[in-house]
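The values are calculated or read from the model by the stated rules, or taken from the named source; none is laboratory data. None of these values were measured; they are calculated from a predicted model. When we count neighbours, we look across all protein chains shown, and the Cβ atoms used for this are built from the backbone with ideal geometry, even at glycine. Only protein heavy atoms, including side chains, enter the accessible area calculation; ligands, DNA and RNA are left aside. Shrake-Rupley method; radii C 1.70, N 1.55, O 1.52, S 1.80 Å.
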Amino acid sequence: FLKGYLSASLAFTLYLASRDRVEQVVWLGLLPILGHVFSPFLGWRGGKGIAVGAGVLCAFYPPFFLAMLLVWVLVFALSRIVSLSSMLAVSSSVIFSFVFRKNTTEISFFLTLFLITLWTHRQNIQRLLTGQERRIF
């Protein structure tokens, strides 16, 4: 989480962008996520990028982060499946971007995050479809 949050905050500082003009630096938020998912230190393999992405969104779009966190908590409370909660929370960002009338750049950013999430969770999706995905508790 901190890797994404600090990277995104640093992007604002270096580019002196105000939070009202986030679309100027939003694509820099993909760098820590991609660096986590495709880590050169781990043979171009890494994590799923959800926590790092949450940090980026918390820095760039705090209201979206809170709304997505609420979606994650609600889905997890009902399903007890972390991967499903994560995928639905990220997909909600795309929906929120249309509901809150974000510009094309921001909608594209959220859509890109969603596609990365689908890619990193492809094995989880297979297990969900076959009913074999693990539940917590």
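Cα extents for the stretch 43-95 along the principal axes, largest to smallest and rounded to whole angstrom: 36, 26, 16.
DSSP loop (so not H, G, I, E, B), at most 16 other Cβ within 10 Å: list which chymotrypsin sites (Phe, Trp or Tyr not before Pro) in the stretch 55-130 pass both filters.
Working: sites: PHE60, PHE64, PHE65, TRP72, PHE76, PHE96, PHE98, PHE100, PHE109, PHE110, PHE114, TRP119; in loops: PHE100.
In loop regions of the stretch 55-130 (DSSP not H, G, I, E or B), the sparsely surrounded chymotrypsin sites (Phe, Trp or Tyr not before Pro) are PHE100.
The residue among GLY47, ALA89, SER108 whose Cα reaches farthest toward the positive pole of the charge dipole of the chain, with charges on the beta-carbon of Lys, Arg, Asp and Glu, is GLY47. In this rough spin-label picture, where each label sits 7 Å from Cα along the Cβ direction, the LEU70-LYS3 distance is 2.9 nm. Rounded to the nearest 20, the Cβ-based charge dipole of the chain about its Cα centre (Lys and Arg +1, Asp and Glu -1) stands at 360 debye.
Counting only trypsin sites (Lys or Arg not before Pro) that sit in a DSSP loop (anything but H, G, I, E, B) with at most 12 other Cβ atoms within 10 Å, what is the longest stretch of the chain containing none of them?
Details: sites that count: ARG45, ARG101, ARG134, ARG135.
The longest such stretch corresponds to 46-100.
Heavy-atom surface analysis with a 1.4 Å probe gives the chain a carbon and sulfur content of 68 percent of its accessible area. Matching the structure-derived volume of the Cα convex hull per residue in Å³ against the labelled list (1) 129; (2) 171; (3) 111 gives the label (3). Which shape class applies to the stretch 70-118: rounded if a/c is under 1.5, otherwise prolate when a/b exceeds b/c and oblate if not, where a ≥ b ≥ c are the square roots of the Cα gyration tensor eigenvalues? Since a/c reaches 1.5 but b/c is at least a/b, the shape of the stretch 70-118 is classed as oblate.
When you restrict to C-alpha pairs under 8 Å that are six or more residues apart and normalise by the size of the stretch 1-103, the relative contact order lands at 26 percent. Computed with a 1.4 Å probe over protein heavy atoms only, the accessible surface of the chain comes to 61 Å² per residue.
So how do VAL26, VAL82 rank on accessible area, 1.4 Å probe, biggest first, that is with the largest at the start? Walk me through the intermediate numbers first.
On the way: VAL26 0, VAL82 65 Å².
Largest accessible area first, the residues go VAL82, VAL26.
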